[in-house]
Structure formats: C-alpha cells, structure tokens
Amino acid sequence: MTAPSRSARTAARRPARRPGRRRPPRKRWGLRIAATVSVLLMTTSGVGHAMVSGVESGIDRVDAFQGMQNRPGGGEGLNFLVVGTDGRDKITKEEKEKYHLGGAPCHCTDTVMLVHLSAGRDRASVVSLPRDSYAEVPAHRDAATGRQRPRHAIKLNAAYAEGGPNLTVRTVEHMTGVHIDHYLEVDFTTFMRSVDAVGGVEICTVRPLKDSYTGLNLPAGKAQLNGGQALQYVRSRHIDGSADLGRMQRQQRFLASLIHKVTSSGVLMNPVRFKEVADTMLASVRADAGFDADDMVDLGQAMRGFSPSSSEFVSVPLAKDGVRLPGGGSTVRWDPARSRQLFQAVQDDRPFAVHRSKSAAKRPPATVVDVPPNQIRVHVDNGSGQHGLGRSAAKALHGAGFVAAGVPGTAPGDPLARTVISYDPRWDRSVRTLAAALPGAELRQAARQGPVLKVTVGADYKGLHPVRAEEPPAGSPGLAAITGDEAVCP
C-alpha cells in the first residue's frame, strides 16, 4: 500500500468546517513579533508528539479561512500570517502606567507580518507589511454591524475591525498574491511574558533611543530588555523621522535577537524548559484549526539546526507617494514592481537576502552604524612607510561606500605604527562610522577641519571591518533585506 502524502495526511486530520455559534471577538494587543518566535520555538525543539500535543491543546482556535474562494495557488514552503491586535483589557493598572499603555484600544491589527518557511525548512523569511498600507478589501459582511459591504479602500490594519481574521487573510492574499497556509494572532500580555520567560533579550543601538509616547529611554550600546521594556522598544514610532518604517526595522532586529536568545540558551533541547516557555508564549495565541501537533512535530524534525543566520527580514518596498482615502486619512502605497518581485520570491521559495556561506560566516558580520558610509567624505594619506598601502586603503574605503575626497597622498614625518583619523568635532557621528570600519585607529580632534575626515594609514592597517547603516533614510522606498545574524549584537 502506498503511504498517503503529507498534504493528504494534513487534510485528513483537519476537522471539517461546520456552521455554528462564533466566539465573540476578544480584544488583543499588538504583540508585533513574539508569535513568530513562538512558532519557531515549537517547531525546533523536537521534544516529541506528546509534549507538543500538550502545548497545542492550549491554543485558542479561529476559523480564518471560512468560505474563502479564488485563492492564490500554493507555492513551495509554508506561509504564516502573523498579526498582533490592539487591545489592552488584560494588562494591570500598574503596567499601563509604567509602560505608557493608556488610551482606548482599537479593534484592529497593529502589526502584520508574512512569515515564509522554506520547503527545506532551512530558512525563515519575515516580511513586514506596514499597518497604514493602502488596501482594497473584497466585499464582505461587516463584523460590527452585520451589514454586507461592497469592495472598498481602507488601511490594511482596519481590515480586522471590519471582518476579523478572515477578511485580514483575504485582503493580504489579494495584495500579495501569496497563499496563506496558517494564521496566528497574539496579544500584548504574551509578548511581555515570553520575553521574561527566556530571561530577557539583548538589544544593540548605535545612538540613544527616546520616545515620550512609549516611555522608551535607551542609551547607545547594548541593553538587556525585560518584557515591558521590550514592548516599549517594538512599539516606538516617534523616535525619528522614519516613523513606522523605523519601528518595523526595530521589530525585525528584536525578533532576530529573540531567536538568537532562544536558540543559544538551551531552551530548545530541554523538555522541561521548553514546556514552560512554550506554555507562556501560547497562553493567549489564536491560530487556525489546521495548525496542529503533527505540523509542529514535522517541522521540528527539519528545523533542529535553525539559527539567526537562517532568517531574513525585509519590509515591503514603498512608492514615494501615498494615497488619500475617500473618508480622510493618508496611507502608504507599495511600489508595484518591487513588491511584486518580493512576493514572487516568496512564492518561488527564493531568498531575498544574501546569506553568507559557511566560510563567510567565520568572518565578522557588518557592524551597524548610525551614519551611512555614502554620506561620509574621506581623504587618505599613507603614513606607514609601506609603498602602496595608502592607495589600497583608499580603494577599500571607496569599495565600502565611503566618498573619496582627493587623491591619496604621502604623510610627512616618521612612519606611523598606528592608523590615525583626524576629524572636526562637529562631525562626531560620521567619525564613529569610519572608526568602526578602521577598528583600533587613533582618533584626533581637529577643530575647523570641516566635513572631510582624514585617515593617515599606519603599519597596523590590515584591511577594513564591514559596516552598514542601521536603517535607510526616512521614507526610503528601497528594499533593505538583512539576515538575522546581521541584526543581533556582535
């Protein structure tokens, strides 16, 4: 007898959809990203069907695919729609005050992410979908009024308010052309408790982050965040002009750091710790009925070696101008050509970030910097006494994106053992980027030198350390995909 295929087994064990009384919608807070890690945690442990079944039985269920027709064809791999919904009914008064969580909740999605697990289960691709994206929802019955509504334009995060998970899935499938296999919805409380359950998460930032709306106040450098602080970090969107784009990128970096913490702390290989953390993460998760213990075990068998370097993160490329909605309110519009290429890569199960080879992984990842190299002018002189070393350094700096200022020269005086960077104190942010590319160089202030930074190459020069900008300029429509190992603290 021929064994049934995996898809046939999945269909056979999925309960038939039947009419009945719907559960009243529950208010949820925008978790942002912990749901994704919950999935990865469950699927990478390999602790066995019995324990996973115990975890799976605690998940609240929602029928996100009821009555859906004319859906996109399924590609290779597995696609999850992960949403966080805004609802603050489950937090304490003290937490509301401490973490600036006052105000009335809205019945809408605060974060939407499309998570693709490759067919080989060796890569996870996370696509952030801006909540203010211009969307056209199909005809549907309004969840609040019960009235039938025709197709119309709204912001993406409002689809949940009008039609719940089902309309959210339908809208995302229509916008992306990607078939959604599973739906996950997570709340605020789960996020904080999940971070605390793994012992907190380390975050690195190249400049201080302060947001009076969320209460976030982080110094530059490394910081260990507990659950409440992590929530402030991923909620903040008033730090600078990048607004929601910057917030999505911080969410991606946090997700990469959380994956690193979970995969490197031994939680996945310890059945007792796994059960404790998974129970905490899944306490308030809602998922479609088809996401069951067998799926978790199957994935777990294939993903034991998952790590941050296996993940990649990107935000949907945006057009330069948005669209005003008929009833008021502005939206952001996806760049039609580049977003189509992105979602076609998801359908085709192709990576959209450059994943380093095993040999390349031995080299240090790029250091995240505040000022991009292409905004920094550098003049190079050779002070090493070694013929051609200055020109080699200048060529390497140009190749790394720094802007050449003049032709490389030869520094007067005795040969230098150590490379020197001289800079005008007014350009102190730029010099930190250059110093990251030339670790060990001596920094010398030179008042009134102007915007050009001067490098005098010493005998210690052995090449550049890679650097990259923390985030693109505000409003940048480009595609900026990174892998998880590029996002975690060095």
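Net charge near Asp428: determine it from the other residues with C-beta under 13 Å of the C-beta of Asp428, scoring Lys and Arg +1 and Asp and Glu -1. Walk me through the intermediate numbers first.
Details: positive: Arg207, Arg426, Arg429, Arg432, Arg444; negative: Asp370, Asp424.
Result for the neighbourhood of Asp428: +3.
Highest mean packing first, where packing is the average number of other Cβ atoms within 10 Å per residue, the peptides 253-264, 370-381, 69-80 line up as 253-264, 370-381, 69-80.
In a shell of Cβ-Cβ distance under 13 Å around Asp132, excluding Asp132 itself, what net charge do Lys and Arg (+1) and Asp and Glu (-1) give?
Details: positive: Arg131, Lys155, Arg237, Arg247, Arg324, Arg333; negative: Asp110, Asp244.
That works out to +4.
When you restrict to C-alpha pairs under 8 Å that are six or more residues apart and normalise by the size of segment 200-280, the relative contact order lands at 24 percent.
Legend: distances between Cα atoms for Lys261/Lys395; Lys93/Lys222; Lys98/Lys222; Lys210/Lys275; pairs beyond 26 Å are Lys261/Lys395; Lys93/Lys222; Lys210/Lys275. The fewest-to-most ranking of Lys395, Lys93 by surrounding Cβ atoms within 10 Å reads Lys93, Lys395.
The ranking of Val83, Val346 by Cβ neighbour count inside 10 Å, starting from the fewest, reads Val346, Val83. The residues neighbouring Val198, those whose beta-carbon lies less than 14 Å from its own, together hold a net charge of 0 under the Lys/Arg +1, Asp/Glu -1 convention. Beta bridges from DSSP with both residues in segment 371-469: antiparallel share about 20 percent, rounded to the nearest 5. Using 10 Å bins from zero, what percent of all Cα-Cα pairs in segment 371-469 falls into each bin? Calculated P(r), rounded to whole percents: 17, 56, 26, 1.
Bear in mind that the values in this text are calculations on the coordinates, not laboratory data. Not measured: the values here are computed from a predicted model. Every residue, glycine as well, gets a Cβ built from its backbone with ideal geometry; the counts of neighbours run over all protein chains shown.
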